[in-house]
Amino acid sequence: MKLARKHLLGLEGVSRSEIETILNAAESFKEILDRKIPKVPTLRGKTAVNLFFEPSTRTRVSFELAEKRLSADSISVAAKTSSSVKGESLIDTVKNLEAMKIDFLIVRHEAAGAAHFLASRIDVSVINAGDGCHEHPTQALLDLFTMRQRFGGLDGLKVVIIGDIAHSRVARSNLWGLKALGANVTICAPPTFLPPGIENLGAEVSTDLDDAIDGADVAMVLRIQKERQGEHLLPSFREYARLFGLNGKRAARLKKTGFIMHPGPMNRGVEIAPEVADGPRSVILDQVTNGVALRMAVLYLLSGGEIDDAMAH
Amino acid sequence: MRWLIRGAHLLDPGSGLDRTGDLLVEEGVIARIGGEIRVDGEVEEVAGKGLVVTPSFLDLHVHLREPGKEYAETIESGVLGALAGGFGGLVCMPNTTPPLDTNASVRFVVEEARRCSPVDVMPAGAITKGRSGEKLAEFGDLVDGGAVAVTDDGDTVADSGLMRRALEYARQFDLPVFTHPEDKNLSRGGVIHEGVVSTRLGLKGIPAAAEEIGIARDIRLAELTGGRLHVQHVSTARGAQLVRHAKEKGLRVTAETAPHYLALTDESLAGYDTNRKMNPPLRPAADRDALREALREGVLDAVATDHAPHAPHEKDREFDAAPFGVLGLETALAVLITHLVRPGHLSLETLVERMTCGPASVIGVAGGRIVEGAEARLTVFDPEASWVVDPNRFRSPSRNTPFAGERLRGEVRTVVIGGRVIAVGPRCGDNPDFPAPLSS
Ligand SMILES: [Zn+2]
C-alpha cells in the first residue's frame, strides 16, 4: 500500500484506509526499532528540516530520531516567530530552506493554518508538527496506534477527551482520526473550554466527568495551558482539578481494560493526579515510544514508500 | 463634446427613470433624453443595445491608504480603480498615517484627488484626535476641509460617553457619524467568525455578538442624542434586525453592507485564504441571506465596498498575521450582478438604487440624476458580459480580492464624468494609458 499524498497537514478528511496504511507501516518500523541496530537506509540522501517556532522537546526529538533511524540528513531549527515587522516572514524563511534543496519540512508554528500555507507555496513535503489550535496529526496517529496496539481495533471504542478542547490541536486531530476508525468520542470540559459547534463535528459533549468517564475504554487527558490564565477561562486550577482532574477515584470508573493517555507535558495535580499519571493504567510512556515508529512511517510513506517494502527491511 | 448613446436601458431609480431610449450629453450636461434623438453636426455615437446607463455609483467606504501606505494604494490608483468599477464618487476613511483628523489632512486628500481624476472624493474625518478614542477631533474644521462624515473606522469609539458626545456635537453640522461597531473585549484576537468553521480550523473566532453589541449601543446613543448614525459594514442577521427596529422607531439611522458579505460565507475559509480575511468577518449562510433580504427591503441603504488594499507581502502570510481587509472597487458591480441579481435575490433596479441615491442620501448629497439639464455623471455597463477576475489587471497595486479567478457577469464599459467620456472596465487593463479619454 502507498499513500497518495505529498503532505500531512491534518487528519480532517484523511480516510480510514489511509490511516490504517500509516499504522500498519508504523507496526513494521516498530519491529526495526527493537533490533540491535535500529537503523535502515530507506531515506539515505534525503534531507529533513525540523522547523520549530514553538519550544518542544518531545515532538522535535521524536522527529529527529525518526529521520536518523531512516538515514535521512536531519537538521533542527528553533526559530522565533516574526510577528514583529523586523523579523523575516515565515514564507521568506521557508523559501530559503527550499532553495537549499530539502525534501521534508516538519513545521510547528503558533498560527493555525501555517502548515497549509507553506504547503501551498513550496515544492517540499510538509508535515504539520502542530499549528496553533488546529491540528497535530502525528500526535493523534501515535495515539491511535497506541490504542490499536492495546485493543486490536478501535471500532466501537469509547474515548473521552478531557480538557481545553477549544485550544487543543491534539483534540482536533484525535477527533478526526478516532471517528475515521469507528470510535465513539466524548468531549468533557467546562463550557469555557468547549469550542462552538464541536457537537456538529461528531462528538458527544459533557460537562460532568464522573458521568462521561463511566465505562469508557480510554481517557485522554489534555494539558491545561497555564499561559492562557489571562483569558478568564477558569477561576482557578484548584477548582479545575476538583471538577475535571483525573484522580484515582475517577480513573476507577473506566472499564477494567481501560487506560489513560496524555500527550504531555503534564501538570501533575491539575489535570491528572500523580498516582494516575504514574499508575498501572497509564500508557503515557508507550505513547512516546510509539511516536518514533509512527513518524518513521509517515516520512517513509510521504516519500512514496510502500508498506511491503518496509516490512522487507 | 457631444456624446450620444442610442437604444440603451436608461435606469435611474432616484428620478424614477426606467426606459429604453437615447441619451445625449453636451458639454458635460445631459442635454436630452428621448425615444429617438435627432442630432445635427459632430457627435460621438454609441450603440447602446444591451447596455444599461445609470447615474455613476457612490461608494461610502473606501480606504485610499495615502498618506502612509502608498505601496498598497495611492489616491491616484484608488480613484482609477473607482472609475474602473463605475464609481463617480467615494467616501474615503480617515485611518491613514497620519489620520485625517485635521482640516489640513482632509484638504490634502480632496486636492490630491482633484488633481488625479474627476472622481468626487469626499473624506470622512476622524471622530477622535489621532483616532485614539480619547478626545473629539475638531468637526467644524473637518467639515470646512471637505469632510462629509466622521468615523474612527477600523476601531470603535470604545468609550460610550465619548461616542454620545460625538453624536451630539455632530448635530450642529448635520454631520453623520459612521460607526464601526465592535466590542473589542469580545473580538480581541479573533480572525474569523466564531462558529463551527473557526472550531474546525482552530482559528480564534469573533462572535457575532461583538458586532451586534456595538450596533445596539450606538443606536441607543443615536436615540439619546438625536444624532445621525450610519452603521458601517453590517455583517450579521441580528445586526440588520437592530437597524430595522431603529428605522421603524424613526431614528436617524442608516446602514451599509459590503459585496463580500452578500456573496460569500465563512465556509469558504477552509483553505485559510487571507484574501477572505476581513473585519467584520465572513459569516454563515443564514446571515448572508438575511443581509440580502435587508438590502432588498432598504433596511440597508447602501452597498459599500470597504475597499481595503493590502500589498501582497502583507497578505501572503500565515492567517493570524495577515491584516484584515479586501479590495472591492473594481469587482463590486459584477459580484453583485453575479451573486444577487442573476439568481433573483435582488432586482437590477434595487441594486442600482443601493449604489447611487441610497448612499447619496446617507451623506445628504444629491447624487447623480438622469434628468435633462443635470450634470452628466453616468456609468454605462453591460449586465450580461462575462469576464474573469485577474488581480494583475487591477489599477490598485494590491491584489487582495477573494474573487480572483472567478468568472463574473456584468462589465463596466464607460464612465461619463466631468465633461469626459472615459472607457473603463476590466478589459481596459490592457491599456497602459487608462483611463484614456475617448473624447473630451
Ligand atoms: Zn470598519
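The values are calculated or read from the model by the stated rules, or taken from the named source; none is laboratory data. All of these numbers come straight from a predicted model, not from anything done at the bench. Don't worry about glycine lacking a Cβ; one is built from the backbone with ideal geometry, like all the others, and counts go over all protein chains shown. Surface accessibility is based on the protein's heavy atoms, side chains included, excluding ligands, DNA and RNA. Shrake-Rupley method; radii C 1.70, N 1.55, O 1.52, S 1.80 Å.
Got a number for residues in region B:181-197 being at the interface with chain A (Cβ under 9 Å from one of its Cβ atoms) and touching a residue at least 60 places away in the same chain (Cβ under 8 Å)?
Qualifying residue count for the region: 3.
Which condition number does B:Arg395 fail, the rest of (1) assigned to a loop (DSSP other than H, G, I, E, B); (2) touching a strand residue (DSSP E or B) at 6+ places or on another chain (Cβ under 7 Å) being met?
Against the list (1) assigned to a loop (DSSP other than H, G, I, E, B); (2) touching a strand residue (DSSP E or B) at 6+ places or on another chain (Cβ under 7 Å), B:Arg395 comes up short only on (2).
Suppose we keep only residues that are over 18 Å from B:Val362 (Cα atoms) and more than 16 Å from the ligand (Cβ to nearest atom) within region B:233-244. Which one would you say is farthest from the other protein chains (Cβ to nearest Cβ)?
Among those that are over 18 Å from B:Val362 (Cα atoms) and more than 16 Å from the ligand (Cβ to nearest atom), it is B:Gln241.
Which one of these is away from the ligand (no atom under 13 Å from the Cβ), surrounded by 22 or more Cβ atoms within 10 Å (Cβ to Cβ) and assigned by TED's automatic domain parsing to the domain that holds B:Ala270: B:Gly214, B:Gly226, B:Gly202, B:Gly190?
The match here is B:Gly202.
Hand me the list of strands (runs of 3 or more DSSP E) wholly inside region B:15-106 holding 3 or more residues that are within 16 Å of the ligand (Cβ to nearest atom).
Per the criteria, B:57-62, B:87-92.
Tell me which residues, restricted to region B:14-54, are among the small types (Gly, Ala, Ser) and touching a residue at least 12 places away in the same chain (Cβ under 8 Å).
B:Gly14, B:Ser15, B:Gly21, B:Gly28, B:Ala31, B:Gly34, B:Gly35, B:Gly41, B:Ala47, B:Gly48, B:Gly50
Anything in region B:277-312 that is under 22 Å from B:Tyr71 (Cα atoms) and within 16 Å of the ligand (Cβ to nearest atom)? List them, or say none.
B:Lys277, B:Met278, B:Asn279, B:Thr305, B:Asp306, B:His307, B:Ala308, B:Pro309, B:His310
Among the numbered criteria (1) part of a loop (DSSP other than H, G, I, E, B); (2) at pLDDT 95 or above; (3) not polar (S, T, N, Q), which one does B:Leu408 miss?
Against the list (1) part of a loop (DSSP other than H, G, I, E, B); (2) at pLDDT 95 or above; (3) not polar (S, T, N, Q), B:Leu408 comes up short only on (1).
Only one of A:Leu301, A:Leu222 is hydrophobic (A, V, I, L, M, F, W, C), touching a residue at least 24 places away in the same chain (Cβ under 8 Å) and within 20 Å of A:Val185 (Cα to Cα); which?
After ruling out the rest, the residue left standing is A:Leu222.
Go through region B:267-286 and give me each residue that's over 23 Å from B:Val62 (Cα atoms) and open to solvent by less than 30 Å² (accessible area, probe 1.4 Å).
If the condition is that a residue be over 23 Å from B:Val62 (Cα atoms) and open to solvent by less than 30 Å² (accessible area, probe 1.4 Å), then B:Leu269, B:Tyr272 are the ones that fit.
Could you tell me whether any residue of region B:245-261 is surrounded by 23 or more Cβ atoms within 10 Å (Cβ to Cβ), within 25 Å of B:Val365 (Cβ to Cβ), away from chain A (no Cβ under 14 Å) and away from the ligand (no atom under 16 Å from the Cβ)?
Yes, because at least one residue in region B:245-261 is surrounded by 23 or more Cβ atoms within 10 Å (Cβ to Cβ), within 25 Å of B:Val365 (Cβ to Cβ), away from chain A (no Cβ under 14 Å) and away from the ligand (no atom under 16 Å from the Cβ).
Give the residue that is farthest from B:Gly358 (Cα to Cα), with candidates limited to residues of region B:235-244 that are open to solvent by less than 10 Å² (accessible area, probe 1.4 Å) and of a type outside the set (Gly, Ala, Ser).
The selected residue is B:Thr236.
Out of region B:144-160, which residues are under 17 Å from the mean Cα position of the chain (by Cα) and either open to solvent by 20 Å² or more (accessible area, probe 1.4 Å) or among the β-branched types (Val, Ile, Thr) (or both)?
Result: B:Val148, B:Val150, B:Thr151, B:Gly154.
Using beta carbons and a limit of 6 Å, which pairs, at least six apart or on different chains, have the first residue in region A:102-119 and aromatic (Phe, Trp, Tyr) and the second one surrounded by fewer than 24 Cβ atoms within 10 Å (Cβ to Cβ)?
Final answer for the pair search is A:Phe104/A:Ser125.
Looking only at region B:118-143, count how many residues are open to solvent by 30 Å² or more (accessible area, probe 1.4 Å) and not in a loop (DSSP other than H, G, I, E, B).
So the count comes out to 7.
Considering (1) more than 14 Å from chain B (Cβ to nearest Cβ); (2) more than 30 Å from A:Asp155 (Cα to Cα); (3) of a type in the set (A, V, I, L, M), say which one A:Leu51 fails and leave the rest.
(1)
For region B:290-338, how many residues are in contact with a Lys or Arg (Cβ under 6 Å, 6 or more places away or on another chain) and within 14 Å of another protein chain (Cβ to nearest Cβ)?
2
For a quick check of your reading: which helices (runs of 4 or more DSSP H) sit entirely within region A:94-192 and have at least 3 residues that are open to solvent by 10 Å² or more (accessible area, probe 1.4 Å) and away from chain B (no Cβ under 14 Å)?
Hits in region A:94-192: A:137-151.
If A:Arg60 satisfies every condition in (1) open to solvent by 60 Å² or more (accessible area, probe 1.4 Å); (2) without any contact (Cβ under 8 Å) to a residue 40 or more places away in the chain; (3) within 15 Å of the chain's Cα centre (by Cα) but one, which is the exception?
Only one criterion in (1) open to solvent by 60 Å² or more (accessible area, probe 1.4 Å); (2) without any contact (Cβ under 8 Å) to a residue 40 or more places away in the chain; (3) within 15 Å of the chain's Cα centre (by Cα) is unmet by A:Arg60, namely (2).
Just checking: which of the helices (runs of 4 or more DSSP H) contained wholly in region A:253-313 hold 2 or more residues that are touching a strand residue (DSSP E or B) at 6+ places or on another chain (Cβ under 9 Å)?
Ranges flagged: A:274-277, A:284-302.
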